[in-house]
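The values are calculated or read from the model by the stated rules, or taken from the named source; none is laboratory data. Please read all numbers here as calculations on a predicted model, not as lab measurements. Every residue, glycine among them, receives a Cβ derived from its backbone with ideal geometry; neighbour counts consider all protein chains shown. The accessibility values were calculated without ligands, DNA or RNA, using every heavy atom of the protein model including side chains. Shrake-Rupley method; radii C 1.70, N 1.55, O 1.52, S 1.80 Å.
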Amino acid sequence: MATRQRESSITSCSSASSCDADDEGVRGTCEDASLCKRFAVSIGYWHDPYIQHFVRLSKERKAPEINRGYFARVHGVSQLIKAFLRKTECHCQIINLGAGMDTTFWRLKDEDLLPSKYFEVDFPMIVTRKLHSIKCKPPLSSPILELHSEDTLQMDGHILDSKRYAVIGADLRDLSELEEKLKKCNMNTQLPTLLIAECVLVYMTPEQSANLLKWAASSFEAAMFINYEQVNMGDRFGQIMIENLRRRQCDLAGVETCKSLESQKERLLSNGWETASAVDMMELYNRLPRAEVSRIESLEFLDEMELLEQLMRHYCLCWATKGGNELAQKPGELFKPRSPKQPLRDVLWSSRSWKG
């Protein structure tokens, strides 16, 4: 929705934020993910002009399999978001749970694909850092102000609320606080709602993640939930991943729900969702259009395809829906296998469909 140009300003006031020291390792994963995305963008895996405003480019080169993994993750989540926006004709809202330094709001605005409102939630400490970047950097603040209907946008240390975009500091394990803050920022339970969680549920206990999923399924008349996280964690490779994270004081409290694609789907279905689908990231990668695969594989040499496959088999993309059958997205509809005879324009996963 276009708005008239005008003089606007962001007013900031200080606000203390407190975070549980036990969550320090989990908060650290936000920095890791941001650095990995920043590096992958810097060498051309995908286009994102906004990530540079949240994180500096690391001097440490990331491994090719990590870069390809992040490409598949960003690409896959983006396809699901855009499918939801198309189904609802953007008359919807998106709630990104554990959003970190995610830049989806700005990229959707550039493509004229913004929902009625876009919400982000994360630890208050992470939100404070993100809002500081937004306040200080016009490429981030200007798009928000352009859409805002008031002359001044109020922002404190761990919350920002505007007409089309809100950032909220909250603990996802405290559902009463989460719901209260979302409603204060004008969350509309009557609108079709997409909830996104990328490597979030695995850091909660199974009971905590189940409560969050139940809350999400019961709070909206029509909704979709996207979950990206680990899978097949019962084998030796999975155990090594767990041990490496523990050495960094980061425990996967919910790893028992990540045993298989079936256990991932069952968790969604048993907590109020009507449909559930899941693919591991190697399957998703194998279904990318050949043109995109050739492009990203030409960016840097990978001599151990087995390592890439091991890594990708241990992450998955899951999605669930409830209310409104039109929101259901079957894997075959979204992730069409590559065919040498099929024109790229007919493949949903086309390079044209992904510009950021």
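Among the residues of region 223-240, write down those that are of a type in the set (S, T, N, Q), under 22 Å from the mean Cα position of the chain (by Cα) and open to solvent by 10 Å² or more (accessible area, probe 1.4 Å). If the condition is that a residue be of a type in the set (S, T, N, Q), under 22 Å from the mean Cα position of the chain (by Cα) and open to solvent by 10 Å² or more (accessible area, probe 1.4 Å), then Asn232 is the only one that fits. Number of residues in region 106-138 that are farther than 21 Å from Cys30 by Cα and open to solvent by 60 Å² or more (accessible area, probe 1.4 Å): the value is 4. Scanning region 61-83 for residues that are over 14 Å from the mean Cα position of the chain (by Cα), of a type outside the set (D, E, K, R) and either open to solvent by 20 Å² or more (accessible area, probe 1.4 Å) or closer than 16 Å to Glu111 by Cα (or both) yields Ala63, Pro64, Ile66, Ala83.
Here is a yes/no grid of residues against (1) assigned to a strand (DSSP E or B); (2) of a type in the set (A, V, I, L, M); (3) out of contact with any helix residue (DSSP H, G or I) (no Cβ under 6 Å at 6 or more places or on another chain); (4) at pLDDT 95 or above:
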site: Met187; (1), (2), (3), (4): no, yes, yes, yes
site: Leu191; (1), (2), (3), (4): no, yes, yes, yes
site: Ile196; (1), (2), (3), (4): yes, yes, yes, yes
site: Gln208; (1), (2), (3), (4): no, no, yes, yes
site: Leu213; (1), (2), (3), (4): no, yes, yes, yes
site: Ala216; (1), (2), (3), (4): no, yes, yes, yes
site: Glu221; (1), (2), (3), (4): no, no, yes, no
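Counting only helices (runs of 4 or more DSSP H) that sit wholly inside region 264-316, those with at least 1 residues that are small (Gly, Ala, Ser) are 290-297. Taking region 60-95 as the range and being at positive phi and among the polar types (S, T, N, Q) as the test, no residue passes. Scanning region 167-180 for residues that are part of a helix (DSSP H, G or I) and either within 20 Å of the chain's Cα centre (by Cα) or hydrophobic (A, V, I, L, M, F, W, C) (or both) yields Leu175, Leu178, Glu179. Residue count for region 21-77 under the criterion of being closer than 28 Å to Asp303 by Cα and part of a helix (DSSP H, G or I): the result is 27.
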